[in-house]
Amino acid sequence: MLRSLLRSASARVIALPITGLAVILQSYIVIAYAGASIFGWITLLGTLFLLIPFADLGLGAAVVNSVARMTQSAEARDEALAIAKTVTRRLVALGAAGFAILALAAHFRVLAPMVGLPNSGGSEPNLATFTALAPLFVSLPFGVGQRILLGAGKNHVTALLAASGSLFALALTAGFIWAEAPPLFLGSALPLGNLAASVIMFALGCRIANWSVADLLTRPRSNTVPARTIWASAAPMLVVVMATAVGLQSGRVILGHLGSPTELSEYALAFQFFSPAMSVVTTSGAALWPIFARAEAQKLRRSWTRALEIMVGLGALVAVTYLILCRPIGALVSSQEILLSLPLAGLLSALLLAIALHQPQGMLLTSPRGLTIQAFTSLAMAALSVGLGILLAPQHGAVGVTLGALVGVICGQLLPNILLVRRSTK
């Protein structure tokens, strides 16, 4: 377990300077091209996909669990292929339906108002929102590759390949600026970059599992997986991912509606650096999923305790590093136009530590019953985060929405799940 955690953390730390440099350069050229006041809107569009990672309906959870156990027997391997095949085909259909609905919403000009974007520029804001969200639905079936890699214990490979998304995004941003594209369309660079990274991971995942693309797309003829087998994990996983995304990623939308452009730009810039730091924590924690899925029941308590100890140290290291670096780097990137406040940096650092401490419980409670429990605690986290954010944003701006997220994670997820794991393990 320690080796897997360190391998994932090391891979993400290796990739982090690449991602961080790409983010810094991208932020710098976007601000120089579009201005600090528009930067917040561009970032909002570019990160909209983070608000709806639940677009796959949680179907990937069944793939991770089945792939983690597929080396145990030939029957388990056949079941893993059948589950991956069923999930991939359903995601193809889901992605096509989502793309069509998105196109209709853009046509009727309702997308921009939904995210708080000014709708006074004719069709441009709606079209820009469409181009920022469309890659999400195109990438849905390719996301199976990341689930295969995670279940196969190759989370460190995923961490390394994920960095390519930021490089693709930087190249696309430079291309848009060279072509003198309208500023709002720069928000599609990151979603398109992540789509390219997903395609690469899909190809590698199929190769590691010794499956072909045809294997995953053809209709299953034997060893059919009952729908209830997949949905027993997928349904609560959908709630978990949806609630977590809303709780942690809705700050920009809240500020877009209730805050000032200055507050939105400050929060957007702070989150530009927060997201890579959080990815170190979540990528490391994800390595625990296949380990806990294969572990014997009598060893879970010891493994969970050890994982919690490791994540305390890792979370503290990441949080302190973020607190020290985010303000001077933010000032440098924005040419002193956007200055991050110390209270905002401190609260985001505390949020990083809380997310790190939550990882062992989140990765242990991945059985259908465990995910059902997590669904309720995640809903509590989202309710607290969004409710407090809306309440505090008008007067406290970025600090208010961050405080809401911190309270939500600690009171809604971290403490309840720790108590549940202590009671359910020996």
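Within region 279-331, count every residue that is in contact with a helix residue (DSSP H, G or I) (Cβ under 9 Å, 6 or more places away or on another chain), in a loop (DSSP other than H, G, I, E, B) and open to solvent by 20 Å² or more (accessible area, probe 1.4 Å).
1
What number of residues within region 329-347 satisfy the criterion of being without any contact (Cβ under 8 Å) to a residue 12 or more places away in the chain and touching a Lys or Arg at 6+ places or on another chain (Cβ under 9 Å)?
Adding up the residues that qualify gives 0.
Out of all the residues in region 133-140, is one or more touching a residue at least 12 places away in the same chain (Cβ under 8 Å), open to solvent by 30 Å² or more (accessible area, probe 1.4 Å), closer than 25 Å to Ile18 by Cα and part of a helix (DSSP H, G or I)?
Within region 133-140, not a single residue is touching a residue at least 12 places away in the same chain (Cβ under 8 Å), open to solvent by 30 Å² or more (accessible area, probe 1.4 Å), closer than 25 Å to Ile18 by Cα and part of a helix (DSSP H, G or I).
Just to be sure, is Gly193 among the small types (Gly, Ala, Ser), without any contact (Cβ under 8 Å) to a residue 40 or more places away in the chain and open to solvent by 20 Å² or more (accessible area, probe 1.4 Å)?
no
Among the residues of region 1-14, which ones are more than 16 Å from Thr321 (Cα to Cα) and either among the basic types (Lys, Arg) or open to solvent by less than 10 Å² (accessible area, probe 1.4 Å) (or both)? Outline the logic, then answer.
Within region 1-14, the subset more than 16 Å from Thr321 (Cα to Cα) is 1-8, 11.
Answer for region 1-14, where residues must be more than 16 Å from Thr321 (Cα to Cα) and either among the basic types (Lys, Arg) or open to solvent by less than 10 Å² (accessible area, probe 1.4 Å) (or both): Arg3, Leu5, Arg7, Ser8, Ala11.
Starting from residues that are touching a helix residue (DSSP H, G or I) at 6+ places or on another chain (Cβ under 7 Å) and modelled with pLDDT of 75 or more, keep the ones in region 219-236 and report whichever is nearest to Val87 (Cα to Cα).
This residue is Ile230.
So in region 143-157, with the set limited to residues that are open to solvent by 10 Å² or more (accessible area, probe 1.4 Å) and either closer than 22 Å to Leu94 by Cβ or among the charged types (D, E, K, R) (or both), which one is farthest from the chain's Cα centre (by Cα)?
So the residue we want is Lys154.
Need the failing condition index for Ala189 against (1) closer than 22 Å to Ile38 by Cβ; (2) more than 21 Å from the chain's Cα centre (by Cα), just the number.
(2)
Can you pull out every residue in region 341-354 that is open to solvent by less than 10 Å² (accessible area, probe 1.4 Å) and not small (Gly, Ala, Ser)?
Leu344, Leu348, Leu351, Leu352
Just checking, does region 99-107 include any residue being closer than 30 Å to Ser378 by Cβ and touching a Pro at 6+ places or on another chain (Cβ under 6 Å)?
no
Taking region 61-73, which residues are of a type in the set (Gly, Ala, Ser) and modelled with pLDDT of 80 or more?
Ala61, Ala62, Ser66, Ala68
The values are calculated or read from the model by the stated rules, or taken from the named source; none is laboratory data. Since the model is a prediction, treat every value here as computed from it, not as a measurement. With ideal geometry, Cβ positions are generated from the backbone for all residues, glycine too; neighbour counts draw on all protein chains shown. Each accessible area value is taken on the protein alone, full model and side chains, heavy atoms only, with ligands, DNA and RNA left out. Shrake-Rupley method; radii C 1.70, N 1.55, O 1.52, S 1.80 Å.
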